[in-house]
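Engineer: Pasting a structure below so you can have a look.
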Amino acid sequence: MRFIIFITTLLAFVWSCYWLTMSNKYSDNVSLWTNIDSANVSANLGKIRGFPNRFDTTITNLEIKQASFEPIKIDRLDVMRLSYDSSHYIFATKSIQNIFENNFTFSKGLASAVRNGEVAPTIKFQGEDIFINKKLIFEKLNFKIWPTTDLSKLNISLFARTADIKYNEIDLSFQGQVELNSDFDFDNLIGFVSNIDTLSNISGKLFIEDIKGMDTIIRQDLNSWKIFLKSDTPEKIPSVIQDLNMVDLIK
C-alpha cells in the first residue's frame with residue numbers, strides 16, 4: 001500500500017513539474033504567435049490555467065491592424081490546448097469587430113485548428129445566434145476550411161440556418177474553394193489576418209433547401225464584396241437571399 005502511495009505521489013509530482021515547464025513554454029508560444037506588443041498587435045495575455053490536462057489562457061482587448069480595413073477587435077479570446085496534444089488548438093469568443101467592415105457577435109463561437117502533419121491546419125468553426133451589425137442573421141453557422149496541395153487554395157464547406165422571422169428559417173450549404181493571391185499563412189496572428197487581404201475569390205456550389213445547386217462566386221468588386229449566383233430558376237431563390245445588396249443573379 002505504501003509503495004502504491006509512493007508511486008502515485010511521485011507520478012503526480014513529475015506530472016506537475018512537466019505541466020509547469022510546458023505551461024511556460026506554451027505561454028511563450030502563444031505570445032510569439034499573437035505578436036503581442038508588436039507594431040500591428042496589442043493585447044493583454046492572461047495567466048496559464050487548466051492544470052492538469054489543459055493549457056488555457058485568455059487574451060483580452062485584442063486589436064490587430066489590417067492593410068485594407070479598420071483594425072480587427074476582439075474583447076476576449078480564450079485559447080485552449082490539451083497538455084498532451086500540441087497539434088490541436090481551440091479558440092472561443094463572443095464578438096469580433098471589423099471582419100470585412102462588419103461586426104459579428106455570437107451566443108456561442110468556437111473555432112479549432114488541427115494540424116495533422118500538413119503544412120496548413122484544418123480550421124473548423126461552430127457558431128450559434130450570429131448577429132451581423134446587430135441584426136440576427138443565422139441561428140447556426142458551421143464551416144470547415146482545409147488545405148489542398150496548392151497552398152494558395154483551400155477547400156471550404158459550410159452549413160447555415162437563417163434566422164429571419166419574416167421569410168422563415170432557411171437551410172443553406174456551400175461546397176467550394178477559397179483562392180488567395182499568396183500562400184495561406186498560419187504561422188502567426190498577423191499572417192493569419194493577412195489572408196483576408198490576399199483573398200481573391202470563393203467559388204463553388206450553393207444549395208438552398210431543395211433548389212438545385214447554383215454556381216457561386218464571391219469576389220471583391222471595386223470597394224465592396226459581391227456574390228454572383230447562376231440559376232436556371234432564379235424565381236425559386238428565397239427573397240431573403242435575393243434582397244441582399246451584395247447578391248447579383250445570373251441566368
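Engineer: From the list Phe69, Phe51, exactly one residue is among the aromatic types (Phe, Trp, Tyr), in contact with a strand residue (DSSP E or B) (Cβ under 8 Å, 6 or more places away or on another chain) and assigned to a loop (DSSP other than H, G, I, E, B). Which is it?
Structural biologist: The conditions single out Phe69.
Engineer: Additional query: Only residues that are outside any loop (DSSP other than H, G, I, E, B), within 30 Å of Leu45 (Cβ to Cβ) and in contact (Cβ under 8 Å) with a residue 60 or more places away in the chain: list them for region 138-196, please.
Structural biologist: Across region 138-196, the qualifying residues are Leu189, Ile190, Val193, Ser194, Ile196.
Engineer: Just a yes or no: is a residue in region 61-77 modelled with pLDDT of 90 or more, under 30 Å from Met22 (Cα atoms), buried (at least 16 other Cβ atoms within 10 Å of the Cβ) and touching a Phe, Trp or Tyr at 6+ places or on another chain (Cβ under 8 Å)?
Structural biologist: yes
Engineer: Among Ser107, Ser86, Ser95, which is the only one that is within 27 Å of Leu151 (Cβ to Cβ) and not charged (D, E, K, R)?
Structural biologist: Step by step, each of Ser107, Ser86, Ser95 is checked, and only Ser86 is within 27 Å of Leu151 (Cβ to Cβ) and not charged (D, E, K, R).
Engineer: Sticking with this one: Yes or no: region 92-105 includes at least one residue that is within 24 Å of Thr198 (Cα to Cα), under 15 Å from the mean Cα position of the chain (by Cα), at pLDDT 90 or above and aliphatic (A, V, I, L, M).
Structural biologist: Yes, there is a match, as at least one residue in region 92-105 is within 24 Å of Thr198 (Cα to Cα), under 15 Å from the mean Cα position of the chain (by Cα), at pLDDT 90 or above and aliphatic (A, V, I, L, M).
Engineer: Further, regarding this structure: Filter region 73-105 for residues that are in contact with a helix residue (DSSP H, G or I) (Cβ under 9 Å, 6 or more places away or on another chain), part of a strand (DSSP E or B) and more than 21 Å from Glu128 (Cβ to Cβ) and give the result.
Structural biologist: Selection gives Arg81 alone.
Engineer: Also, I was wondering about something else. In region 219-233, what residues are part of a strand (DSSP E or B) and buried (at least 17 other Cβ atoms within 10 Å of the Cβ)?
Structural biologist: Of everything in region 219-233, those that are part of a strand (DSSP E or B) and buried (at least 17 other Cβ atoms within 10 Å of the Cβ) turn out to be Ile227, Phe228, Leu229.
Engineer: Kindly indicate whether any position in region 130-141 is farther than 26 Å from Ile217 by Cβ and of a type in the set (S, T, N, Q).
Structural biologist: No - not one qualifying residue is present in region 130-141.
Yes/no matrix, rows are residues, columns are (1) surrounded by 14 or more Cβ atoms within 10 Å (Cβ to Cβ); (2) among the small types (Gly, Ala, Ser):
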{"residue": "Ser203", "(1), (2)": "yes, yes"}
{"residue": "Phe207", "(1), (2)": "yes, no"}
{"residue": "Lys212", "(1), (2)": "no, no"}
{"residue": "Ile217", "(1), (2)": "yes, no"}
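Engineer: Let me ask you something else. Being touching an Asp or Glu at 6+ places or on another chain (Cβ under 9 Å) and modelled with pLDDT of 90 or more: is that true of Glu128 here?
Structural biologist: Details: touching an Asp or Glu at 6+ places or on another chain (Cβ under 9 Å): yes; modelled with pLDDT of 90 or more: yes.
Yes: the conditions hold for Glu128.
The values are calculated or read from the model by the stated rules, or taken from the named source; none is laboratory data. Owing to the predicted nature of the structure, the values given are computational and were not obtained by experimental measurement. Note that each Cβ is placed from the backbone with ideal geometry, even for glycine, and that neighbours are counted across all protein chains shown.
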